[in-house]
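Everything below concerns the one structure shown next.
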Amino acid sequence: MTEAVTEPESDTVVEEPEQAPPAGPSLHQPRRWLIAAGEAVAIVLLVVLAVWCWNRGVVRLEYPFEGREPLTSTRYLGNWLGTAAGAVTLAVVLALDAVRQVLLAVRTRPQKAADSDM
């Protein structure tokens, strides 16, 4: 049987160099203003679409009678009302993201200031 020969451990400590942060896109970018502006335009268009769909989804019908007031009936069309609700929901989600984009654009800092905080 042979025994494994090991080298004596040294007392020197080898320090590993600090790793640089990943070179991906950072959260704080001034161009986020453009994204927020585009979302604001989309929000306005979605609200206009929702109002148009809602107006098409509510149909008022009148049935005339001789000697009496006409009978008025309201018919609701679910496909138009559902589209209106979906457009408003999407507009709210875009509004939340637009606020997030604006906050990230406002909080931009130069790289030197960001590095000094660490």
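Couple of notes before you dig in:
- Matching residues in the stretch 46-61 - criterion: being of a type in the set (A, V, I, L, M, F, W, C) and open to solvent by 100 Å² or more (accessible area, probe 1.4 Å): TRP52, TRP54
- Test: LEU90 is of a type in the set (A, V, I, L, M, F, W, C) and under 34 Å from the mean Cα position of the chain (by Cα): yes
One line per residue, one yes/no per condition, for (1) exposed (fewer than 10 other Cβ atoms within 10 Å of the Cβ); (2) of a type in the set (Gly, Ala, Ser); (3) free of Cβ contacts under 8 Å to residues at least 60 places away in the same chain:
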position: ALA40; (1), (2), (3): no, yes, yes
position: VAL44; (1), (2), (3): no, no, yes
position: TYR63; (1), (2), (3): yes, no, yes
position: GLU66; (1), (2), (3): yes, no, yes
position: THR74; (1), (2), (3): yes, no, yes
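The values are calculated or read from the model by the stated rules, or taken from the named source; none is laboratory data. The structure presented is a predicted model; accordingly, all values stated were derived computationally and were not measured. Every residue, glycine among them, receives a Cβ derived from its backbone with ideal geometry; neighbour counts consider all protein chains shown. The area values use the complete protein model at the heavy-atom level, side chains included, leaving out ligands, DNA and RNA. Shrake-Rupley method; radii C 1.70, N 1.55, O 1.52, S 1.80 Å.
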